[in-house]
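Computed from the coordinates by the stated procedures, all read-outs in this text should not be read as laboratory data. Small disclaimer: the values here were computed from a predicted structure and weren't measured. FYI the Cβ positions are ideal-geometry reconstructions off the backbone, even for glycines, and counts take in every protein chain you see.
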Amino acid sequence: MSLRTFAAPVLLSLVAAAGLSGCAKRSATDSSIGAPEPMTGAPASGPAGTAAAGAATWTSPTRTGADEAMASRDVARYDGDASVSAAPVAPMQEKKSAGLGTSYGEQRFSSVRSVRFRRADMTHPDALLSLRYNDAEGVSQMAHWKTGQYPQRANFQSGALALTLRDDAGNALPGAQIGSDVYAVGEAGARYTIGVENHSAQRYEVVASVDGLDVIDGGEADFTKRGYLIDPYTSFVIEGWRTGDDTVAAFRFSDMDDSYAGRTGKARNIGVIGLAFFREEGQVPHDELRRRDQADPFPNRYAPPPPGYRANGY
């Protein structure tokens, strides 16, 4: 794939203690980067909520009693974490039954600012991750429809890049495996966040979508839209639909009709979260790093036959 020079029109990054850089305002030119400010993760002050302290970053998921408390009889089987990593996931299929969507929730504080970034390729991400979600009944229905069986425990995948759905306390949601797809099991009314992890030495722009809608402008998701930046060996959470430089509308599980996509007449892709990672111009692609890592100093350990040699020795 040929590399193309691309100056991102405006890039965003949640300002978190993990040392991420970000932006917020729409601009026709690149902006300079500045020092990030801490993000509390608390509801924004004003009519939509009151301020409260909270951590902006999170670590590797651990199972707690709260995970099982969210589960129904069928969900007790789903004791794996709802996470995916940089291995590609099968394309989203349209949901066949009613279940959960994601609503446009209360305002929360989440500060961003502008930063300079150029993609190595404008329209072809280096990694594309997706994770589906539904309530316990919807997950069971999908499992029976697709496989004729009960959902299985989710396979936790580790990789250089990862996507995780987390509850209000920062714990990974229970996960279910249906064929090659991983489902997060949620509950109507519950708040969730999207955890993004970068375990590589490269910086990426991350374009995120929920229910087929871009999390920054609320329109239909597209690779050419703005994204959040994530630095090497860091993580952050996306807390909601961006409503301004310092606020987002929280992600909350809801009925299909009350979802943001449903209320805006774009309900076709409800039930799937997506992250597209774009490498920065000038950085070495993963394929080249993998080739160098696997280089063999003694590739041929046995004597090869000379040119024109036949099996009978003549």
| Between Asp258 and Glu220, what length in nm is gained on full extension when 0.36 nm per residue of separation is reduced by their alpha carbon distance? | 11.9 nm
| task | Calculate the dipole size of region 193-290 relative to its Cα centre from +1 charges on Lys and Arg beta carbons and -1 charges on Asp and Glu beta carbons; express the result in debye to the nearest 20. | result | 140
| query | Can you give the three extents of the C-alpha atoms in region 147-278 along their principal axes, from longest to shortest, in whole Å? | reply | 42, 35, 28
| message | For the pair Tyr302/Met122, report the inter-label distance in nm, with labels modelled 7 Å from Cα in the Cβ direction. | response | 5.2
| query | Could you put Thr102, Thr234 in order, starting from the residue whose Cβ has the fewest other Cβ atoms within 10 Å? | reply | Thr234, Thr102
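Taking all pairs of different Cα atoms in region 92-204, averaging 1/r and flipping that mean, what Kirkwood radius in angstroms comes out?
Kirkwood radius, region 92-204: 16.4 Å.
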| query | Once fully extended, how much extra length lies between Arg268 and Asp245, figured as 0.36 nm per residue of separation less the alpha-carbon to alpha-carbon distance? | reply | 5.4 nm
| Residue exposure sequence - Arg279, Arg310 - by fewest surrounding Cβ within 10 Å | Arg310, Arg279
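Among Trp145, Trp241, which comes first, then next, by fewest other beta-carbon atoms within 10 Å?
Least to most surrounded, the residues fall as Trp145, Trp241.
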